[in-house]
1. Only one of Glu22, Glu72, Glu53 is of a type in the set (D, E, K, R) and under 27 Å from Asp106 (Cα atoms). Can you tell me which?
2. Which pairs have Cβ atoms under 6 Å, sit 6 or more apart or on different chains, and link a residue in segment 155-170 that is of a type in the set (Gly, Ala, Ser) to one that is part of a loop (DSSP other than H, G, I, E, B)?
3. Please give the number of the condition Arg37 fails out of (1) more than 19 Å from Lys153 (Cα to Cα); (2) touching a residue at least 40 places away in the same chain (Cβ under 8 Å); (3) buried (at least 24 other Cβ atoms within 10 Å of the Cβ); (4) not polar (S, T, N, Q).
4. Please state which of the following conditions Glu72 fails to meet, knowing it meets all the rest: (1) surrounded by 13 or more Cβ atoms within 10 Å (Cβ to Cβ); (2) closer than 30 Å to Glu146 by Cα.
5. In the list Val163, Val220, which residue meets the criterion of being under 30 Å from Leu15 (Cα atoms), β-branched (Val, Ile, Thr), crowded, with 19+ Cβ neighbours inside 10 Å and touching a Pro at 6+ places or on another chain (Cβ under 6 Å)?
6. Which of the residues belonging to segment 99-137 are farther than 16 Å from Asn66 by Cβ and either at pLDDT below 95 or surrounded by fewer than 20 Cβ atoms within 10 Å (Cβ to Cβ) (or both)?
7. Can you find a residue in segment 191-214 that is part of a loop (DSSP other than H, G, I, E, B), within 29 Å of Glu22 (Cα to Cα), free of Cβ contacts under 8 Å to residues at least 40 places away in the same chain and in contact with a helix residue (DSSP H, G or I) (Cβ under 7 Å, 6 or more places away or on another chain)?
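The values are calculated or read from the model by the stated rules, or taken from the named source; none is laboratory data. Given the structure is predicted, the values throughout are model-derived calculations rather than measurements. Cβ atoms come from the backbone with ideal geometry, glycine included; neighbour counts cover every protein chain shown.
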Amino acid sequence: MARIPLIAGNWKMYLTVAEAVELGRAVAASSKGLKDREVMIAPSFTALAAVIEAVAGSPVKVAAQNVAWEKEGAYTGEISPVMLQDVGASMAILGHSERRHIFGEDNAMVNQRLLGALKFDLTPVLCVGETLEEREQGATFKVVEEQLSQGIKGVGSDRISRVVVAYEPVWAIGTGKTAGKEQAQEVHAFIRKVLAGLYEKKLADEIRILYGGSVKPENVDSLMAQPDIDGALVGGAALQSESFDRIIHYL
């Protein structure tokens, strides 16, 4: 089964509603007529509804930057999957390194969020990746395997193909440093091997694995040429319509 590449823009805590709508419209225009790849953008919660309306009729998918695991309840500050569905979001980013390392979300919480997303038919984008210290200690594979296996715990073979995985080395996020194409490919291949061990090779071959970490117009072509890299989770370069347009139209 051919994997459809996914180019995703994570807007993080940037842009007013008006700015987000303007950028959303630009991304929709850039994505017009695309057949061989998908495009996703993840605005802040306050801009979700407006951006979804702005890209209506285009192939652009809109994601939340996080999601709770319950339909409703006394969870101050959280957003439920039903609320996201209500405004038209179809995906959610989970386990981003900033959620893990700034806000203290552990593997168990990420797993709860992922199961909640699947339960309510949202496509989860599960982020995994090591810190610089962990890489220097030779713990990259150990950390990635633990985050991956714990993140998808309880997901059966009938649902795992709905999950998107994003490998984002923490040391490359927002730093301008990018994992070399060989480094990125090595970890992506390892992730697919872990998935094949947890499920089966056929299912592992269907799952999209994105690379995230200072993706920009200058390096997207070489990254996307790697056999196990199925897309990009883009941060800063996704906030500029020109640079994100170039990334969307990688060669």
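1. Values: Glu22 fails: under 27 Å from Asp106 (Cα atoms); Glu53 fails: under 27 Å from Asp106 (Cα atoms).
Step by step, each of Glu22, Glu72, Glu53 is checked, and only Glu72 is of a type in the set (D, E, K, R) and under 27 Å from Asp106 (Cα atoms).
2. Matching pairs, first to second residue: Ser157/Tyr199; Ser161/Glu206.
3. Going through the list (1) more than 19 Å from Lys153 (Cα to Cα); (2) touching a residue at least 40 places away in the same chain (Cβ under 8 Å); (3) buried (at least 24 other Cβ atoms within 10 Å of the Cβ); (4) not polar (S, T, N, Q), Arg37 breaks only (3).
4. (1)
5. Details: Val220 fails: touching a Pro at 6+ places or on another chain (Cβ under 6 Å).
That would be Val163, the only listed residue that is under 30 Å from Leu15 (Cα atoms), β-branched (Val, Ile, Thr), crowded, with 19+ Cβ neighbours inside 10 Å and touching a Pro at 6+ places or on another chain (Cβ under 6 Å).
6. Asp121, Thr131, Leu132, Glu133, Glu134, Arg135, Glu136, Gln137
7. The answer is no, given that none of the residues of segment 191-214 is part of a loop (DSSP other than H, G, I, E, B), within 29 Å of Glu22 (Cα to Cα), free of Cβ contacts under 8 Å to residues at least 40 places away in the same chain and in contact with a helix residue (DSSP H, G or I) (Cβ under 7 Å, 6 or more places away or on another chain).
Yes or no, residue by residue, for (1) touching an Asp or Glu at 6+ places or on another chain (Cβ under 7 Å); (2) farther than 20 Å from Gly236 by Cα:
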| position | (1), (2) |
| --- | --- |
| Ile4 | yes, yes |
| Asn10 | no, no |
| Ala28 | no, no |
| Arg37 | no, yes |
| Asn66 | no, no |
| Tyr75 | no, yes |
| Ile102 | no, no |
| Asn111 | no, yes |
